[in-house]
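What follows is one structure encoded as C-alpha cells, with my remarks underneath.
Each value in this text was obtained by applying a stated rule to the coordinates, not by laboratory testing. Small disclaimer: the values here were computed from a predicted structure and weren't measured. As a convention, Cβ positions derive from the backbone with ideal geometry for all residues, glycine included, and neighbour counts pool all protein chains shown.
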Amino acid sequence: MTGPAQFDTFTIERAFPAAPERVYAAFADPRRKQRWFAEGEHHEVEQFTMQFEVGGREEARYRFKAGSPFAGVSLASDGVFLDLVPDRRIVAAATMAIGGQRISASVHTFEFTATAGGTTRLLFTHQAAFFDGADGPELRRAGWQQLLDQLQAALEEPE
C-alpha cells in the first residue's frame, strides 16, 4: 500500500573562504563536483555524469559498501538543471531511488553572494516530496550538511 507523500522545505546557509566564481565552479566542473558530491567512504560510485547547462542532466549511481545498513543496495539520483546564472544561482530538480524504488523528488536552489573579504555566502534551499521508504527530511538535511562540509574541504584544497 502506498502512503501519502511527505513534504518538506529547509534552507542551509554557509560561508565559504572563496570567491563566488570558485564556489560556483565547484558545482559546474564535473570532475570537481564528483570529488566532493559523489565520492564517499560508505559507497562506491558506479556512474557520475553531468552536463552543466539548462536542460542538462546529472546522473549518479552508487552501491553501498559492507558495514553500511544498506550494504550491497544501489542508490540512483537523476537530475536536470532548470536555471543557471553564472556565479550567482543554480536550480536543479532531482529524483532519488534506493534499490530501484523511487523515494523522493526535490528541487535544489543554490544562491551565491559575494561577501566582504572575498568570501561567498551560499544559501541552499531544498524542497522535496518524500515517498514510501524515503530517508525523510531529517536524514536528507543531515546528508546535505555533510555534502556542504565536503565542499568546504574541497575549497580549502589548493587548485
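Treating the angle as unsigned and between 0 and 90°, give the value, to the nearest 10°, between the Cα long axis of helix 136-156 and the longest Cα principal axis of the chain. That helix lies at roughly 40 degrees to the long axis. Per residue, the chain reaches -6500 deg cm²/dmol at 222 nm when only DSSP H runs of four or more residues are counted, each adding -39500 (n - 2.57).
Between Arg14 and Trp144, the contour length at 0.36 nm per residue exceeds the Cα-Cα span by 45.6 nm.
Residue separation of Lys65 and Glu41 scaled by 0.36 nm, minus their Cα-Cα distance, works out to 7.8 nm of gained length.
R0 = 22 Å: FRET efficiency of Glu53 with Asp132, Cβ-based, nearest 0.05? Working from the Cβ atoms, E equals 0.10. Subtracting the Cα-Cα distance of Val73 and Glu157 from 0.36 nm times their residue separation leaves 27.1 nm of extension gain. State whether the stretch 29-110 is rounded, prolate or oblate according to the following rule on the C-alpha gyration tensor (a ≥ b ≥ c being the square roots of its eigenvalues): a/c under 1.5 gives rounded; otherwise a/b larger than b/c gives prolate, and the remaining case gives oblate. The shape class here is prolate. Solvent-free Debye calculation, one equal scatterer per alpha-carbon of the chain: log10 I(q)/I(0) at 0.09, 0.11, 0.17, 0.18 Å⁻¹ equals -0.29, -0.44, -1.07, -1.20.
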